[in-house]
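First comes the structure, then the notes that go with it.
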Amino acid sequence: QVHLVESGGGLVQAGGSLRLSCSASGTMPSLFAMCWDRQAPGKQREVLAGITNEGSTNYVDSVKGRLTISRDNAKNTVFLQMNSLKPEDTAVYYCIVSTGGKDYWGQGTQVTVTS
């Protein structure tokens, strides 16, 4: 079982930045991707970015250039640096560990961007 804890969310003005963190613990697989997605009010869940063990990254087009995903393999931690935040970025942000066979989700952290 994998347990994920996100942190770093909060209230920020448009144009500001936040850095989200997610620490994974438990029985960790040897290889796994770590991802971030978000759930905005009234909208479908949206996968934002992912990163492999080797550090390969991918992003949804809508956040390229503003969000940066990174990870610390030694600490089983993934980060999401968010810059130039917009009110439409307001959502609950979730961390995901993807093993290929099973996905694990955190509880989420709220990000609210005011105009």
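Heavy-atom surface analysis with a 1.4 Å probe gives region 12-90 a carbon and sulfur content of 48 percent of its accessible area. A 1.4 Å probe run over the protein chains yields, for the chain, 52 Å² of accessible area per residue, whole-number rounding. Applying a DSSP loop filter and a limit of 16 other Cβ atoms within 10 Å to the trypsin sites (Lys or Arg not before Pro) in region 23-115 leaves K43, R45, K64, R66, K102.
Highest GNM mean-square fluctuation among D72, D37, D89, for the chain modelled with Cα contacts below 10 Å: D72. Projecting the Cα positions of P41, T68, S115 onto the charge dipole of region 9-115 (unit charges on Cβ atoms of Lys, Arg, Asp and Glu, taken about the Cα centre) puts S115 furthest along the positive direction. Counting only Cβ charges, +1 for Lys and Arg and -1 for Asp and Glu, the dipole size of the chain around its Cα centre is about 80 debye. Would you mind calculating the relative contact order of region 7-108 from Cα pairs under 8 angstrom and at least 6 residues apart, reporting the percent as a whole number? Relative contact order for region 7-108 comes out at 33 percent.
The values are calculated or read from the model by the stated rules, or taken from the named source; none is laboratory data. All of these numbers come straight from a predicted model, not from anything done at the bench. Don't worry about glycine lacking a Cβ; one is built from the backbone with ideal geometry, like all the others, and counts go over all protein chains shown. We work out accessible area using only protein heavy atoms, side chains counted, and drop any ligands, DNA or RNA first. Shrake-Rupley method; radii C 1.70, N 1.55, O 1.52, S 1.80 Å.
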